[in-house]
Amino acid sequence: MDLSQLSDGVEQTGGIGFIPKMPPVCVIVRVIACLVLAWQPSSVLAADEDTQLWIYAITTGEIGDGTTLTADATARWREDARGDEQQTLRVNIMHAIADAVSIGGGAGIFEAGGSTELRPHQQIDIKLGRFSSRTRLEQRFIDGADRMGMRLRQRLSYAQGVSTLLTARLDAEYLNIIRSTSRGENQARDQWRGRILLSASLNERLSMGAAYLYIHTPRPNADDRTNHVPQAIMTYRF
């Protein structure tokens with residue numbers, strides 16, 4: 001996608017931010033439209049590269065003093081070579097133990113092609129100004145797998161207000177398989193992810209966003225795998 005399209009109808013103020021000439025929701029809708037157009041499985045991509053489309057619905061809010069509940073559901077469309085479409089449901093509860101630190105955990109269910117994965121996790125969040133980090137340890141129980149797998153995920157994020165209603169965020173995440181679900185399998189153990197997200201507040205409770213996620217998976221016995229993932233996100237705060 002040509003990033004210059006995002007500057008159409010946007011006026012620079014001479015400061016850090018920008019003031020959109022159109023409502024923020026129109027900016028997000030245009031970005032989502034571009035991402036959907038970009039999501040077209042193409043035969044010209046190599047066998048180790050594909051394009052997916054993920055749609056998120058998220059609800060989050062405080063359920064107690066310093067305790068936040070977040071639930072998200074996704075539909076993930078993938079090319080035939082990557083398997084069936086995937087549906088996910090995840091719940092996460094975090095409790096603030098300091099001004100900048102929260103701890104908690106939750107679990108997710110991942111369904112694709114009749115195979116189900118149950119994925120509990122534990123998590124630590126740290127936020128310092130515009131920077132934040134998330135450390136998550138996952139246990140993976142997959143139908144037909146030899147054993148429980150374990151994966152560590154470390155994400156760093158930077159968020160910046162673009163205008164009074166628009167926010168941009170950059171994510172960088174490293175994933176490492178501590179324990180494979182298959183005994184004796186010499187499989188890829190590392191994965192790198194990068195994401196750019198633009199979100200708009202529609203009101204005090206509802207926001208919508210568009211993102212592009214890049215996934216790179218080094219593989220020991222094959223070419224590295226690359227995934228291009230446009231995303232559309234709707235968030236409700238209760």
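How much solvent-accessible surface does R193 expose, in Å² to the nearest 10, with a 1.4 Å probe and all protein chains in place?
Rounded to the nearest 10, that gives 50 Å².
Kirkwood hydrodynamic radius for the range 102-238: how many Å is it when counted over pairs of different Cα atoms?
On the way: mean 1/r = 0.0588 Å⁻¹.
Here the Kirkwood hydrodynamic radius works out to 17.0 Å.
Mind listing the phi-derived Karplus ³J(HN,Hα) values for the range 113-120, rounded to whole Hz, using 6.51, -1.76 and 1.60 with θ = phi - 60°, and x for any glycine or proline?
The phi angles translate into x, x, 9, 10, 10, 9, 9, x Hz.
Quick check on the range 175-235: take the gyration tensor over C-alpha atoms, sort the square-rooted eigenvalues as a ≥ b ≥ c, and tell me if it's rounded (a/c under 1.5), prolate or oblate.
prolate
For E79, list long-range residues whose amide hydrogen, built 1.01 Å from N in the peptide plane, is under 5 Å from its own amide hydrogen.
For E79, the qualifying residues are T51.
Given a Förster distance of 22 angstrom, what is the FRET efficiency for D190 paired with S115, based on the Cβ-Cβ distance and rounded to 0.05?
Efficiency computed from Cβ-Cβ geometry: 0.40.
Ordered by residue, what ³J(HN,Hα) values in Hz, to whole numbers, does the range 222-235 give under the Karplus form 6.51 cos²θ - 1.76 cosθ + 1.60, where θ = phi - 60° and Gly and Pro are x?
Here the 3J(HN,Hα) series is 7, 5, 4, 9, 10, 10, 10, 10, x, 9, 10, 9, 10, 10 Hz.
The values are calculated or read from the model by the stated rules, or taken from the named source; none is laboratory data. In this text the structure is predicted, and so the values were computed from the model without any measurement. Note that we place each Cβ from the backbone using ideal geometry, even for glycine, and neighbour counts take in every protein chain shown. The protein model used for the area step is the full one, side chains on, heavy atoms only, and it has no ligands, DNA or RNA in it. Shrake-Rupley method; radii C 1.70, N 1.55, O 1.52, S 1.80 Å.
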